[in-house]
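Have a look at the structure below before the remarks.
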Amino acid sequence: MVKVTFITANGARVEAKAAVGDVLLGVGQGAGMPLEGTCEGQMACSTCHVVVAREWFDRLVPASEDEEDMLDLAAGVTRTSRLSCQIELTADLDGLTVHIPGQSHDMQRR
Ligand code: FES
């Protein structure tokens, strides 16, 4: 079991339980996070963008060049941004905390 904490754009903490090998995008969707994941992990959309808590960022497998390129196009990108469809959970990631960026979604809702 791997515990993941999502922090929503409003600052609410939502905890989810996942299994080793689960992809973070699916875990977030299962927890009700607004991660669209339009391209279903093909690295062609960036709607699965999350901001990883600093203390966790270096513990992830580094992003590929393709992922970096796609992140350049995402709204509200930070230095610890990742595409959640590219993060596969391992036992080492128990306790992983990621923030859900709000900007792009909020603007679309208006
Ligand atoms: Fe499209 Fe992750 S789901 S880039």
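Details
- Residues within the stretch 86-107 that are touching a Ser or Thr at 6+ places or on another chain (Cβ under 9 Å) and modelled with pLDDT of 95 or more, tallied: 7
- Residues being surrounded by 15 or more Cβ atoms within 10 Å (Cβ to Cβ) and more than 13 Å from ILE7 (Cβ to Cβ) - total across the stretch 91-102: 1
- Scanning the stretch 64-75 for residues that are open to solvent by 30 Å² or more (accessible area, probe 1.4 Å) and part of a loop (DSSP other than H, G, I, E, B) yields SER64, ASP72, LEU73, ALA75.
- Test for THR78: is it open to solvent by less than 30 Å² (accessible area, probe 1.4 Å) and more than 16 Å from the ligand (Cβ to nearest atom): no
- Selection count, the stretch 31-63, where residues are outside any loop (DSSP other than H, G, I, E, B), in contact with a helix residue (DSSP H, G or I) (Cβ under 8 Å, 6 or more places away or on another chain) and within 15 Å of the ligand (Cβ to nearest atom): 2
- The residues on offer are ASP22, ASP69, and the sole one that is modelled with pLDDT of 95 or more and either away from the ligand (no atom under 16 Å from the Cβ) or closer than 28 Å to MET1 by Cβ (or both) is ASP22.
- Filter result for GLY26 (in a loop (DSSP other than H, G, I, E, B) and either crowded, with 17+ Cβ neighbours inside 10 Å or out of contact with any Gly (no Cβ under 9 Å at 6 or more places or on another chain) (or both)): no
The values are calculated or read from the model by the stated rules, or taken from the named source; none is laboratory data. Just so it is clear, the model here is predicted, and its values are computed rather than measured. No Cβ is skipped: glycine too gets one built from the backbone with ideal geometry, and neighbour counts run over all protein chains shown. SASA here: full protein model, heavy atoms, side chains in, ligands and nucleic acids out. Shrake-Rupley method; radii C 1.70, N 1.55, O 1.52, S 1.80 Å.
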